[in-house]
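Working notes, structure below.
The values are calculated or read from the model by the stated rules, or taken from the named source; none is laboratory data. None of the values given here were measured: they were computed from a predicted structure. All Cβ positions, glycine included, derive from the backbone under ideal geometry; neighbour counts span all protein chains shown. These area figures cover heavy atoms from the full protein model, side chains too; ligands, DNA and RNA do not enter into them. Shrake-Rupley method; radii C 1.70, N 1.55, O 1.52, S 1.80 Å.
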Amino acid sequence: MKVRLLLFAVLRDIVGTDERELEVADGSRAIDVWNGLRAAHPRIASYERPPFTAVNQDYVQPETMLRDGDELAFIPPVSGG
Amino acid sequence: MSYLTDSPIDQPALVARVMRSSDGALALFAGVVRNHHQGKSVESIFYECWRPMAEKEMAKIEADVAAAYPDVAIAFIHRLGLLQVGEASIVIACTSPHRDEAFAACREIIERVKQTVPIWKREKGPDGEEWVGWQGN
């Protein structure tokens with residue numbers, strides 16, 4: 001199945017892309033996608049969990065199961081205000 | 001109405017949205033770009049945002065605070081893009097018949113914005129630019 005991955009701010013800079021279509025196995029969880037990013041990017045390799053995770057623009061736990069067509073975002077700690 | 005703007009915040013217009021003849025109190029909070037952060041000099045801050053989710057989170061905050069303080073009228077707006085020292089990044093206006101509720105609602109809004117709204121700042125100083133806070137390793 002396909003999911004759309006979105007990255008922002010410092011995470012986008014670390015991974016080098018702001019948006020990516022991913023083909024993931026049925027039954028994949030958000031954390032599985034994060035683990036794939038960790039394996040490829042040393043600056044986040046030591047982080048067993050993403051700072052924040054959102055699916056379809058709502059905060060969720062990283063263990064959330066993904067569905068075909070989901071929009072998955074990994075969100076660095078926010079610093080607005 | 002959007003909670004986000006790319007232009008300087010029109011504070012009088014924001015206040016005008018919430019003032020009612022029954023109000024005896026206006027609590028106004030502005031977050032302002034300062035010239036230092038953790039001992040370093042700051043010249044400007046760039047605010048990046050994931051707009052659709054930020055709008056949703058800010059609408060949730062308004063709904064929750066309005067439910068908690070039913071006598072308070074609420075308006076707030078966050079500015080995005082490049083801001084110079086002294087410029088307001090967020091302005092919150094809360095009115096109520098009496099001051100306690102207006103202060104409390106205003107405080108709750110800024111604390112929640114800082115916790116959940118997907119906005120990130122990148123500070124620029126004499127030594128270059130960097131994201132504020134978490135940066136990976």
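Residue-wise test of (1) under 19 Å from B:Gly133 (Cβ atoms); (2) surrounded by 15 or more Cβ atoms within 10 Å (Cβ to Cβ); (3) at pLDDT below 95.
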{"site": "A:Leu5", "(1), (2), (3)": "no, yes, no"}
{"site": "A:Phe8", "(1), (2), (3)": "yes, yes, no"}
{"site": "A:Leu11", "(1), (2), (3)": "yes, yes, no"}
{"site": "A:Glu21", "(1), (2), (3)": "no, no, no"}
{"site": "A:Asp26", "(1), (2), (3)": "no, no, no"}
{"site": "A:Arg29", "(1), (2), (3)": "no, yes, no"}
{"site": "A:Pro42", "(1), (2), (3)": "no, no, no"}
{"site": "A:Pro51", "(1), (2), (3)": "yes, yes, no"}
{"site": "A:Ala54", "(1), (2), (3)": "yes, yes, no"}
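Looking for something at pLDDT 95 or above, under 22 Å from A:Val10 (Cβ atoms) and not in a loop (DSSP other than H, G, I, E, B) - is there at least one such residue anywhere in region B:91-104? Checked region B:91-104: no residue is at pLDDT 95 or above, under 22 Å from A:Val10 (Cβ atoms) and not in a loop (DSSP other than H, G, I, E, B).
Going by the structure shown, is A:Glu71 in contact with a strand residue (DSSP E or B) (Cβ under 9 Å, 6 or more places away or on another chain), charged (D, E, K, R) and within 10 Å of chain B (Cβ to nearest Cβ)? Show your work before the answer.
Working: in contact with a strand residue (DSSP E or B) (Cβ under 9 Å, 6 or more places away or on another chain): yes; charged (D, E, K, R): yes; within 10 Å of chain B (Cβ to nearest Cβ): yes.
Answer is yes for this residue.
So that you can scan it fast, the table gives a plain yes or no per residue for (1) closer than 30 Å to B:Asp23 by Cα; (2) more than 9 Å from chain A (Cβ to nearest Cβ); (3) touching an Asp or Glu at 6+ places or on another chain (Cβ under 7 Å):
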site	(1), (2), (3)
B:Arg51	no, yes, no
B:Glu62	yes, yes, no
B:Ala93	yes, yes, no
B:Cys106	yes, yes, no
B:Gly136	no, no, no
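Of the numbered conditions (1) in contact with a Lys or Arg (Cβ under 9 Å, 6 or more places away or on another chain); (2) on the phi < 0 side of the Ramachandran plot; (3) open to solvent by 40 Å² or more (accessible area, probe 1.4 Å), B:Gly133 fails exactly one; give the number of that condition. Of everything listed in (1) in contact with a Lys or Arg (Cβ under 9 Å, 6 or more places away or on another chain); (2) on the phi < 0 side of the Ramachandran plot; (3) open to solvent by 40 Å² or more (accessible area, probe 1.4 Å), B:Gly133 misses just condition (2). Evaluation of B:Val85 against the conditions (1) without any contact (Cβ under 8 Å) to a residue 60 or more places away in the chain; (2) β-branched (Val, Ile, Thr); (3) under 12 Å from A:Gly80 (Cβ atoms) shows that the sole unmet condition is (3).
Among the residues of region A:60-77, write down those that are open to solvent by less than 20 Å² (accessible area, probe 1.4 Å) and either of a type in the set (A, V, I, L, M) or in contact with a Pro (Cβ under 9 Å, 6 or more places away or on another chain) (or both). Lay out the reasoning, then the answer.
The first filter runs over region A:60-77 and keeps only residues open to solvent by less than 20 Å² (accessible area, probe 1.4 Å), leaving A:62, A:66, A:70, A:72-76.
Selection gives A:Pro62, A:Leu66, A:Leu72, A:Ala73, A:Phe74, A:Ile75, A:Pro76.
B:Gly125 passes every criterion in (1) open to solvent by 60 Å² or more (accessible area, probe 1.4 Å); (2) over 16 Å from A:Gly80 (Cα atoms); (3) more than 13 Å from chain A (Cβ to nearest Cβ) apart from (1). Scanning region B:59-116 for residues that are open to solvent by 30 Å² or more (accessible area, probe 1.4 Å) and among the β-branched types (Val, Ile, Thr) yields B:Val85, B:Thr116. Only a single item in (1) open to solvent by 70 Å² or more (accessible area, probe 1.4 Å); (2) away from chain A (no Cβ under 14 Å); (3) without any contact (Cβ under 8 Å) to a residue 12 or more places away in the chain is not met by B:Gln38, and it is number (2).
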